[in-house]
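Engineer: My structure is below; once you've seen it, I'll send some questions.
The values are calculated or read from the model by the stated rules, or taken from the named source; none is laboratory data. From a predicted model like this one, the values you see are computed outputs, not experimental measurements. Methodologically, a virtual Cβ is constructed for each residue, glycine included, from the backbone with ideal geometry; neighbour enumeration extends over all protein chains shown. When the accessible area is computed, the model is the full protein with side chains, heavy atoms only, and any ligands, DNA or RNA have been set aside. Shrake-Rupley method; radii C 1.70, N 1.55, O 1.52, S 1.80 Å.
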Amino acid sequence: METLKIDGKRFFEVTEMKKFEIDHEKVSSTKLRNLIAEGRFADIPSYLGSYFESQGTIDSEDNQHLIVTLSEAYLPPPRPACI
């Protein structure tokens, strides 16, 4: 962290956060990415305090269907294929 503070001094500010744990497990971006990759979206609020969100546009709708195109930046990774 000290190296990052020194090297980035002219370009950005560094804020150091204390380690945050839930049930003795570190909450990190890696943990959240793994939850998303595993399709465990219901578990995310316990780590973030809110649900995973997606953004997109409504392409068409009728009384029974809603067709939405999700922004690629918000798509979860594909689930692994069963072997």
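Engineer: Determine which single condition Ile83 fails, assuming it passes every other condition in (1) surrounded by 10 or more Cβ atoms within 10 Å (Cβ to Cβ); (2) out of contact with any strand residue (DSSP E or B) (no Cβ under 7 Å at 6 or more places or on another chain); (3) at pLDDT below 80.
Structural biologist: Result: Ile83 fails condition (1) only.
Engineer: Can you report the number of residues in region 19-34 which are over 11 Å from the mean Cα position of the chain (by Cα) and either farther than 26 Å from Glu53 by Cβ or in a helix (DSSP H, G or I) (or both)?
Structural biologist: The number of residues fulfilling the criteria is 1.
Engineer: Does Met1 qualify as being open to solvent by 80 Å² or more (accessible area, probe 1.4 Å), in contact with an Asp or Glu (Cβ under 9 Å, 6 or more places away or on another chain) and free of Cβ contacts under 8 Å to residues at least 24 places away in the same chain?
Structural biologist: So Met1 passes the test.
Engineer: Can you name every residue in region 41-71 that is at pLDDT 80 or above and of a type in the set (Phe, Trp, Tyr)?
Structural biologist: Phe41, Tyr47 - these are the residues of region 41-71 that are at pLDDT 80 or above and of a type in the set (Phe, Trp, Tyr).
Engineer: Is it the case that region 19-34 has a residue that's in contact with a Leu (Cβ under 8 Å, 6 or more places away or on another chain) and surrounded by 11 or more Cβ atoms within 10 Å (Cβ to Cβ)?
Structural biologist: Yes, the conditions are met somewhere in region 19-34.
Engineer: Let me ask another. Kindly provide the set of residues from region 35-44 that are over 21 Å from Ala73 (Cβ atoms) and either open to solvent by less than 70 Å² (accessible area, probe 1.4 Å) or assigned to a strand (DSSP E or B) (or both), ordered by number.
Structural biologist: Asp43 - this is the single residue of region 35-44 that is over 21 Å from Ala73 (Cβ atoms) and either open to solvent by less than 70 Å² (accessible area, probe 1.4 Å) or assigned to a strand (DSSP E or B) (or both).
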